[in-house]
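Values quoted throughout were computed directly from the atomic coordinates according to the rules given, and no laboratory measurement underlies them. In this text, all values refer to a predicted model and were calculated from it rather than measured experimentally. Backbone-built Cβ (ideal geometry, glycine too); neighbour counts: all protein chains shown.
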Amino acid sequence: MTVPQSATKKASLLRERIRKHEHQYYVLDDPSVTDAEFDALMNELKALEAKHPGLASADSPTQRVGGAPREGFDTVRHRRPMLSLDNSFSDDDLRDFDRRVHELTGREKADYVVEHKFDGLSLSLLYENGALVRGVTRGDGTSGEDVTANVRTIRSIPLRVDAAILKKLRIPHDFEVRGEVIMTRQGFVILNQQQEELGGKRFANPRNAAAGAVRVLDPEITASRRLDFYAYQLFSAGRSPLKRNSEALAGLAALQFKVCPAWKRLDSINKVIQFCAAQGARRGDLPYEIDGIVIKVDETALQEELGYTSKAPRWAIAYKYPAQQATTLVRDIFVSVGRTGVLTPAALFEPVQISGVTVVKSTLHNLDEVERLGVQIGDTVLVERAGEVIPHVLKVVKEGRDRRPFVMPKNCPECGSKIHKAEGEVAYRCVNAACPAKRKEALLHFAGRHAMNIDGLGEKIVDQLVEKGMVSDPADLYALNLESLAALDRMAEKSAQNLIDEIDASRKLGLARLIYALGMRFVGERTGQLLAEHFGDLDKIAAASAEKLTEVGEVGPKVAAAVEEFFSEPANRKLIEKLRRGGVKFTADRTEQKDARFAGKSFVFTGSLARHSREEAAEHVKSHGGKVVSSVSKTTSYVVFGADPGSKLDKAKTLGVTLLDEAAFDKLLRSP
């Protein structure tokens with residue numbers, strides 16, 4: 001079907017606007033529109049592409065995330081080997097490097113480019129006609145793994161670059177960009193918080209977390225990991241198209257790639273040494289981990305003249321920073337309760353100086369880590385700040401004479417509620433929704449747009465309500481009055497009345513929203529909808545056993561156990577009763593009862609569909625009560641296949657699973 005010219009033009013304009021906003025947000029860290037405005041543009045483009053399938057384009061911003069988990073990675077040979085760098089550990093090593101450059105080239109002077117040595121995963125990106133076509137890991141330097149689907153989810157990697165800029169910079173339209181995939185410190189903290197919430201294993205450091213995220217088989221997991229990409233090399237046909245490395249970095253920035261913000265071109269090795277020292281002093285303040293500085297000869301011709309050894313280029317070297325460590329005494333081990341209720345043990349130290357910072361405590365992450373280290377109160381331990389803002393204990397170096405083991409408390413130190421630990425998880429947690437340690441976060445979640453949708457109840461208002469003792473749990477919101485709210489800072493009577501109206505309106509919202517608002521572990525919006533549809537009443541959910549809960553489609557043993565655990569906590573049962581007295585509706589509306597024609601049915605998708613994105617097809621299945629799974633088994637109900645299906649189709653044929661092409665799938669969707 002021919003796509004109208006007006007639709008083509010509109011799609012092009014929308015893509016251009018979205019790419020601009022992505023660059024401003026993910027590369028420049030300077031967003032020019034709100035999240036809602038960005039989402040509106042993206043949704044408009046999605047709708048346009050769905051209406052006109054002929055508009056489908058691999059470099060469209062809508063195609064960053066999509067597709068089911070892959071069954072494995074293909075191996076790809078690099079057009080030019082991705083070699084490692086020789087290391088240096090002292091100023092003398094750098095002077096020796098400089099001397100070799102002069103001796104091998106006969107030059108009296110050489111300019112150097114210096115950049116941060118990112119602690120991440122090296123990656124090669126191939127572009128054809130200005131569009132990203134492949135992403136490959138470094139691998140063994142000769143060949144790597146094709147991780148294109150995952151790479152496309154990293155927002156700071158352009159899916160297409162501006163042809164006019166390529167022409168201006170005299171860069172061919174087919175080129176290769178090399179760089180490093182990293183996870184920022186903030187992203188790493190958030191990821192480990194999420195792991196704790198799920199009872200999963202914490203990641204040891206941002207590098208491992210980033211490398212693991214790029215190499216998972218499910219692109220949606222990669223998309224959720226907040227990865228970043230910094231470019232440092234530009235090639236075309238295996239060679240640099242520009243005369244200097246500094247020109248390549250400037251060109252990459254012009255093409256809207258992120259490059260090291262601190263890079264410099266320096267004209268002497270003494271200035272390089274000064275740069276290394278200055279960056280080492282501030283590495284703890286950087287938003288990402290670095291373990292050194294990369295020094296490269298700037299001129300491309302000089303690089304070619306210097307050549308390579310069997311393992312590394314002669315024109316580059318890495319200056320590595322020493323680990324920042326010290327020994328100190330563990331005076332005590334205590335626990336803190338995080339915003340999600342997880343109890344985290346931490347060591348209190350005899351104060352010690354590490355790289356200019358006084359360190360007095362460090363997280364021990366969880367009880368498993370305490371036992372792995374074998375650390376007890378009174379021991380002397382080795383503590384490291386190797387690039388990390390938060391120090392961590394490496395090992396016990398001397399056991400104390402009167403050492404005492406740490407014991408996880410049986411009751412929450414904040415509220416006194418019984419501590420829970422699910423089988424197979426490392427986390428100990430307080431599940432009291434009204435625990436003071438979780439109070440503010442619980443209130444903000446309860447009032448969120450996808451929960452009880454209490455507009456106007458933001459962080460500043462919640463802070464005042466909690467600090468003034470006006471609210472101790474979500475149910476207290478329904479006892480607030482106009483006079484008390486109007487007395488809050490920056491809260492005029494009209495604003496107070498608007499908030500009262502919002503709180504009152506939330507009483508009548510559906511059961512699904514209330515279930516989600518309660519903040520049970522593993523219970524998101526989708527699970528809230530499924531529980532509301534199946535039980536129709538909060539009291540029935542509260543009384544249901546874990547076995548009964550698993551009868552609900554998509555609710556597995558882990559989710560069922562978390563729901564049962566939540567309602568078994570006396571403090572939570574009191575909260576439910578307070579919500580009932582506050583007039584909150586506990587039953588589902590008829591509108592919450594959805595079409596369940598696919599209830600109990602499982603679908604597997606393989607290959608490319610022409611009329612649906614994988615995400616849209618999955619949503620159709622879920623909206624009718626079915627579930628989408630990633631692997632084929634005897635219990636699979638249907639395998640839906642499109643163009644270029646994988647081995648899942650062959651396995652389905654072997655097992656006798658019902659096969660549907662896209663037309664048959666559409667017919668099934670339309671059937672009553």
Among Lys361/Lys395; Lys601/Lys653; Lys410/Lys540; Lys440/Lys578, the pairs whose Cα-Cα distance exceeds 21 Å are Lys410/Lys540
Using the alpha carbon gyration tensor of the stretch 206-317, what are the three equivalent-ellipsoid semi-axes (square root of 5 times each eigenvalue), largest first, in whole Å?
27, 20, 14
Of all GluC sites (Glu not before Pro) in the stretch 410-505, which ones are in loop regions per DSSP and have a Cβ with at most 11 other Cβ atoms within 10 Å?
Glu423
Cα to Cα, under 16 Å, and not fewer than 8 places away if on the same chain: which lysines meet these conditions relative to Lys51?
Lys9, Lys10
Among trypsin sites (Lys or Arg not before Pro) in the stretch 211-241, those in a DSSP loop whose Cβ has at most 14 other Cβ atoms within 10 Å are Arg215
Contact order normalised by length for the stretch 602-670, with contacts defined as Cα pairs under 8 Å and 6 or more residues apart; what percent is it?
38
Please list, in chain and number order, the residues 5+ apart from Gln324 or on another chain whose amide H is under 5 Å from its amide H, with Hs placed from the backbone.
Arg385, Ala386, Gly387
For the stretch 441-599, what is the Kirkwood estimate of the hydrodynamic radius, computed as the reciprocal of the mean inverse distance between distinct Cα atoms, to one decimal in Å?
16.4
Evaluate E = 1/(1 + (r/R0)^6) for Ala237 and Val407, where r is the Cβ-Cβ distance and R0 equals 51 Å; express this FRET efficiency to the nearest 0.05.
0.20
Calculated FRET value between Arg670 and Lys264, using beta carbons and R₀ = 60 Å, to 0.05
0.45
Give me the number: length gained by fully extending Ser57 to Phe586, i.e. 0.36 nm times residue separation minus the C-alpha to C-alpha distance, one decimal in nm.
185.9 nm
Please list 248-258, 131-141 highest first by mean number of surrounding beta-carbon atoms within 10 Å per residue.
248-258, 131-141
Whole number please: convex hull volume per residue, Cα atoms of the stretch 86-225, in Å³.
167
Under a crude label model (7 Å from the Cα following the beta-carbon direction), how far is Ser336 from Leu480 in nanometres?
2.8
Between Asn87 and Glu305, the two model label points (7 Å from Cα along the beta-carbon direction) sit apart by a distance in nm of 3.1
For the stretch 269-398, state what percent of all Cα-Cα pairs lands in each successive 10 Å bin, counting from 0 Å until the bin that includes the largest distance.
11, 31, 25, 16, 12, 5, 0
Computed over the stretch 325-398, Cα set: Rg, Dmax in Å
11.7, 35
What 222 nm value per residue comes from the helices of the chain, counting each DSSP H run with n ≥ 4 as -39,500 (n - 2.57) and dividing by all residues, nearest 500 deg cm²/dmol?
-10500 deg cm²/dmol
What percent do you get for the relative contact order of the stretch 436-592 when only Cα pairs under 8 Å and 6+ apart count?
25
Cα-based Rg of the stretch 84-320 per 2.2 N^0.38 Å, rounded to two decimals?
1.04
Which number do you get for Rg(Cα) / (2.2 N^0.38 Å) in the chain?
1.10
Compute the semi-axes of the equivalent ellipsoid of the stretch 572-672, taking the square root of 5 times each eigenvalue of the Cα gyration tensor, and list them largest first in whole Å.
37, 15, 12
Rounded if a/c is under 1.5, else prolate if a/b beats b/c, else oblate: with a ≥ b ≥ c from the C-alpha gyration tensor eigenvalues square-rooted, which is the stretch 314-456?
oblate
Label-point separation (nm) for Asn453 and Ala250, each offset 7 Å from Cα along Cα-to-Cβ?
5.3
Between Asp539 and Arg372, Cβ-based FRET efficiency (R0 45 Å, step 0.05) works out to 0.55
Only Cα pairs under 8 Å and at least 6 apart count here; give the relative contact order of the chain as a rounded whole percent.
10
Please list, or write none, the aspartates and glutamates whose alpha carbon is within less than 20 Å of the alpha carbon of Lys585, excluding same-chain residues fewer than 8 places away.
Asp455, Asp473, Asp476, Asp501, Glu502, Asp504, Glu525, Glu533, Asp537, Asp539, Glu577
With viscosity set to 0.890 mPa s at 25 °C, what whole-number translational diffusion coefficient in µm²/s follows for the stretch 466-556 from Stokes-Einstein and a Kirkwood radius over Cα pairs?
161
